[in-house]
Amino acid sequence: MALITDNKKIGNGIYLLEVEGRFKGSPGQFYMIQVAETYPLLSRPISIFELTGNKLKFLYRIAGEGTRLLSEKKGGECIGLRGPYGNGYPSVKGKIAVVGGGMGAAPLYETCKRLKEHPDITAVDLYLGFSEEIILKNEWEKVCSSFFYDIGGMITKHVDVADYDAVLACGPDIMMKKLTETGKKHGKKVYVSIESRMGCGIGACLSCSCKTANGNKKVCKDGPVFLGVEIYDL
Amino acid sequence: MTCDLSVKFNYLDFKNPVVAASGTFGFGEEYSRIYDVGILGGICTKGLTLEPKEGNNGIRLWETPMGVLNSIGMENPGIEAFIKNELPKMKKWDTRIIANIGGAAEEEYILASEMLNNADLDMIELNISCPNVREGCMAFGMKEKSAGELVEKIKHTSRHPVIVKLTPNAENIVRVAEACEAAGADGISLINTVKAMAVDIKERKAVFENIYAGLSGPAIKPIALRMVHEVCKAVSIPVIGIGGIMNWKDAMEFIMAGAHLIQIGTANFVNPEAGKKIVSGMKDYMEKEGIKNLDEIRGII
């Protein structure tokens with residue numbers, strides 16, 4: 001169980017949850033959040049937004065009953081928390097493009113923050129695409145070298161993949177597929193974090209099994225981060 | 001007072017009645033990182049087929065009040081890879097290993113059970129109850145004739161004790177259980193998931209590509225309990241109770257209904273430590289109630 005210290009609405013159906021405790025995790029990993037004893041029975045996999053000292057934050061959107069109940073939780077209440085699970089983004093070097101679409105922005109805050117602090121990284125350019133509104137507008141600039149955002153368009157149009165040593169992405173399939181294709185053309189590695197319905201979150205139930213170039217993989221355990229070509233170049 | 005959780009299941013001793021259900025525990029490795037799975041009475045493997053299977057396309061999991069629908073479709077590495085890669089790892093744990101096998105046709109079951117003859121296992125659980133594959137499997141468990149014929153053949157082939165996992169979708173589950181016993185089965189496990197469905201009204205189509213899926217979890221527990229009770233009254237071979245067991249209280253209900261062992265399925269997803277908690281919860285209950293052995297309360301209803 002973890003103590004909620006804050007759970008505020010920051011956009012249309014979008015919330016920022018903060019819990020207190022001693023947590024571990026690396027960018028791109030997720031926690032299983034249990035909001036109820038009975039329904040929904042299963043926990044919700046939600047990626048790490050920010051991890052500092054004794055605070056762990058999650059950025060989430062109401063997508064169903066679980067996240068709706070989560071949005072009703074107040075500071076001082078507790079939630080079940082297990083993790084961190086999944087592999088997270090790998091270590092990269094040089095000039096990095098970080099690209100997010102919609103709620104795919106969620107794991108990219110901590111990702112940029114850690115990259116920016118890393119001596120092997122020369123620049124971290126963050127590109128975020130939203131369909132209706134930008135969330136946490138004033139926060140993103142703090143964690144990257146340059147920040148570009150777009151509302152209602154295609155964020156991939158603004159990313160010159162050839163100019164980077166690697167691309168880290170999270171967002172709609174169409175966005176990550178496009179980046180993967182461009183990356184392949186220019187010989188650049190594109191890492192994508194994919195979303196899936198999960199049961200156990202630890203690799204046992206095979207609910208999140210996905211087809212890859214190297215056979216079926218478990219999104220929760222082998223992923224959620226994969227090389228784009230493993231997923232989209234089948 | 002020292003209470004004894006051990007159970008004699010035919011000639012096999014189980015240190016306690018708590019067994020991880022097939023398809024919810026992988027091959028134990030993931031859970032072994034969370035707790036010592038050797039404390040369990042046993043582990044049923046992910047459903048195995050002769051050849052590797054990729055499983056079903058589309059959505060594989062859907063939640064419903066107090067339950068979970070799944071349509072995994074028996075994704076598994078196949079018998080050969082299981083024997084080579086998974087079984088040696090499982091043997092490190094001090095627990096009974098039950099290989100769950102399924103198939104589309106009789107021949108597949110026979111060959112699978114033959115291949116397992118040289119494997120160091122404790123039992124085979126014959127899966128004639130999975131609703132998520134298009135051919136075979138549950139089709140064998142729907143009627144007593146097909147179930148009995150298959151069990152007879154596997155009993156002839158297999159050197160391991162054979163238990164049969166039944167489907168609540170059977171025409172008459174008690175008759176199927178009786179036919180399995182008559183065919184030589186060493187035990188019965190029930191129930192597998194209840195054939196069910198979900199509709200996405202926004203898309204105006206079935207959630208699952210196969211349309212139907214299997215319902216598990218607390219939603220099915222009262223039905224499972226009734227069926228376990230009925231089957232325990234009808235057969236003299238030992239029974240493993242399965243269906244929505246979430247905690248030690250649920251487990252005790254199944255024991256009182258007549259089950260020798262119980263299996264934990266969906267609960268493993270809700271809390272990965274469910275098995276461990278159920279073992280300790282049952283022990284505490286027995287100590288408090290002065291129950292020395294589960295034989296004292298088994299089948300008292």
Check: Ignoring ligands, DNA and RNA, what percent of the accessible area of region B:155-301 is carbon or sulfur (1.4 Å)?
Finding: 49
Check: If Lys and Arg each add +1 and Asp and Glu each add -1, what is the summed charge of the other residues whose beta carbon sits under 13 Å from the beta carbon of B:Asn118?
Finding: -1
Check: Accessible surface of A:Asp125 in the full protein assembly, 1.4 angstrom probe, to the nearest 10 Å²?
Finding: 20
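Using a 1.4 Å probe and counting only protein heavy atoms, arrange B:Phe208, B:Phe27 so the residue with the most accessible area comes first. Numbers along the way, then the final one.
Numbers: B:Phe208 5, B:Phe27 25 Å².
Greatest to least solvent exposure: B:Phe27, B:Phe208.
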Next item on the list: On a 0 to 90° scale, report how tilted helix A:108-117 is relative to the longest principal axis of chain A, with both axes built from alpha carbons and the result rounded to the nearest 10.
Entry: 60
Notebook entry, point to check: Once the Cα atoms of region A:82-133 are picked out, what are the Rg and Dmax in Å?
Noted result: 12.2, 36
Check: Using a 1.4 angstrom probe and counting only protein chains, how large is the accessible area of A:Glu132 in Å², to 10?
Finding: 130
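Which value at 222 nm does chain B reach when only helices count, each DSSP H run of 4 or more adding -39,500 (n - 2.57), with the total divided by all residues and rounded to the nearest 500 deg cm²/dmol?
Working: 10 runs with 89 residues, N = 301.
The per-residue figure over chain B is -8500 deg cm²/dmol.
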Checklist line | In nm, spacing of pseudo-spin labels at B:Glu107 and A:Glu141 (7 Å Cα→C-beta vector) | finding: 7.1
Check: From the phi of every residue in region B:172-178, what ³J(HN,Hα) in whole Hz does the Karplus formula 6.51 cos²θ - 1.76 cosθ + 1.60 yield, where θ is phi - 60° and glycine or proline is x?
Finding: 8, 5, 5, 5, 5, 4, 5
Checklist line | Peptides A:167-180, B:272-285, A:66-79 ordered by average Cβ neighbours within 10 Å, highest first | finding: A:167-180, B:272-285, A:66-79
Checklist line | Those residues of region A:1-50 for which accessible area with every protein chain present is at least 50 Å² below the isolated value (1.4 Å probe) | finding: A:Tyr39, A:Leu41, A:Leu42
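What number comes out for accessible area per residue over chain A if the probe is 1.4 Å? Units Å², please. Provide the component values of the computation, followed by the final result.
On the way: 10130 Å² over 234 residues.
Averaged over the residues of chain A, the accessible area is 43 Å².
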Note to self: If the elastic network links every pair of Cα atoms under 10 Å, which of B:Asn70, B:Asn117, B:Asn268 fluctuates the most in the Gaussian network model of chain B?
What the structure shows: B:Asn117
Next item on the list: For every helix of n ≥ 4 consecutive DSSP H residues, a contribution of -39,500 (n - 2.57) applies; sum these over chain A, divide by its total residues, and give [θ] at 222 nm rounded to the nearest 500 deg cm²/dmol.
Entry: -4000 deg cm²/dmol
Checklist line | Accessible surface, per residue, of region B:215-301 when the full set of protein chains is kept, probe 1.4 Å, Å² | finding: 38
Margin query: Leaving out ligands, DNA and RNA, and with a 1.4 Å probe, what % of the accessible surface on region A:1-136 is carbon or sulfur?
Written below: 47
Margin query: I'd like the residues of region A:205-225 whose 1.4 Å-probe accessible area shrinks by no less than 10 Å² going from the isolated chain to the full set of protein chains.
Written below: A:Cys205, A:Leu206, A:Ser207, A:Ser209, A:Lys211, A:Asn216, A:Lys221
Margin query: Whole angstrom only: what separates the Cα centroid of region B:149-221 from the Cα centroid of region B:1-22?
Written below: 23
Item checked: Charge sum, other residues only, whose C-beta stays under 13 Å from B:Gly78's C-beta, Lys/Arg counted +1 and Asp/Glu -1 -> -3
Check: Quick one: helix A:173-185 against the long Cα principal axis of chain A, what's the angle to the nearest 10°, folded into 0 to 90?
Finding: 30
Next item on the list: Grab every C-alpha pair in the protein assembly as shown, bin the distances at 20 angstrom width from 0 up to the longest one, and report whole percents.
Entry: 22, 50, 25, 4
Next item on the list: Would you mind giving the total buried accessible surface between chains A and B, with a 1.4 Å probe and ligands, DNA and RNA left out, rounded to the nearest 100 Å²?
Entry: 2300
Notebook entry, point to check: Which order do B:Lys202, B:Lys153 take when ranked by solvent-accessible area (1.4 Å probe, heavy atoms of all protein chains), largest first?
Noted result: B:Lys202, B:Lys153
Checklist line | Under Karplus coefficients 6.51, -1.76 and 1.60, residue-wise ³J(HN,Hα) of region A:92-100 in Hz, glycine/proline x | finding: 10, 10, x, 9, 10, 9, 10, 10, x
Note to self: Just to check I understand the Karplus step: with θ = phi - 60° and J = 6.51 cos²θ - 1.76 cosθ + 1.60, what whole-Hz values come out for region A:35-47, glycine and proline as x?
What the structure shows: 9, 9, 7, 10, 10, x, 5, 8, 7, 9, x, 10, 6
Check: Restricting the count to DSSP beta bridges whose residues both fall in the protein assembly as shown, what percent are antiparallel, rounded to a multiple of 5?
Finding: 50
Notebook entry, point to check: Amide H to amide H under 5 Å from A:Arg44: which residues, 5+ apart in sequence or cross-chain, H placed 1.01 Å off N in plane?
Noted result: A:Ile33, A:Gln34, A:Val35
Check: Using a 1.4 angstrom probe on protein heavy atoms only, which residues from region B:50-92 are buried by at least 50 Å² of accessible area when all chains are present rather than their own chain alone?
Finding: B:Glu54, B:Arg60, B:Leu61, B:Glu63, B:Met66, B:Glu75
Next item on the list: For B:Thr64, enumerate residues with amide H under 5 Å from its amide H, sequence gap 5+ or separate chain, H modeled in the peptide plane.
Entry: B:Leu69
Margin query: If I build a Gaussian network model for chain A, linking alpha-carbon pairs within less than 10 angstrom, which residue out of A:Thr156, A:Thr111, A:Thr122 has the largest mean-square fluctuation?
Written below: A:Thr122
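Using 1/(1 + (r/R0)^6) with R0 = 35 angstrom and r between the beta carbons of B:Asp94 and A:Glu77, what's the FRET efficiency to the nearest 0.05? The partial results should precede the final answer.
Details: r = 40 Å, r/R0 = 1.15.
Plugging the Cβ-Cβ distance into 1/(1 + (r/R0)^6) gives 0.30.
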Check: Between A:Asn7 and residues 5 or more places away or on another chain, which pairs have amide H atoms under 5 Å apart, with H built 1.01 Å from N, and which residues are they?
Finding: A:Glu18, A:Gly75
Notebook entry, point to check: Counting only protein heavy atoms, what percent of the accessible surface of region A:152-224 is carbon or sulfur at a 1.4 Å probe?
Noted result: 47
Note to self: Tell me the Kirkwood radius of chain B: reciprocal of the mean inverse pair distance over distinct alpha-carbon atoms, in Å.
What the structure shows: 18.9
Notebook entry, point to check: Just the Cα atoms of region B:3-75, one point each, no solvent: what log10 I(q)/I(0) does Debye give at q = 0.20 Å⁻¹?
Noted result: -0.99
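Can you work out the accessible area per residue across region B:69-200, with the rest of the protein chains kept in place, probe 1.4 Å, in square angstrom? Can you show the working numbers first?
Details: 5030 Å² over 132 residues.
Heavy-atom SASA per residue in region B:69-200 reads 38 Å².
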Check: Loop-only check: which trypsin sites (Lys or Arg not before Pro) in region B:1-85 are DSSP coil with at most 16 other Cβ within 10 angstrom?
Finding: B:Arg33
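The values are calculated or read from the model by the stated rules, or taken from the named source; none is laboratory data. Keep in mind it's a predicted model, so treat the numbers as computed, not measured. Every residue, glycine among them, receives a Cβ derived from its backbone with ideal geometry; neighbour counts consider all protein chains shown. Heavy atoms of the whole protein, side chains included, go into the accessibility calculation; ligands, DNA and RNA do not. Shrake-Rupley method; radii C 1.70, N 1.55, O 1.52, S 1.80 Å.
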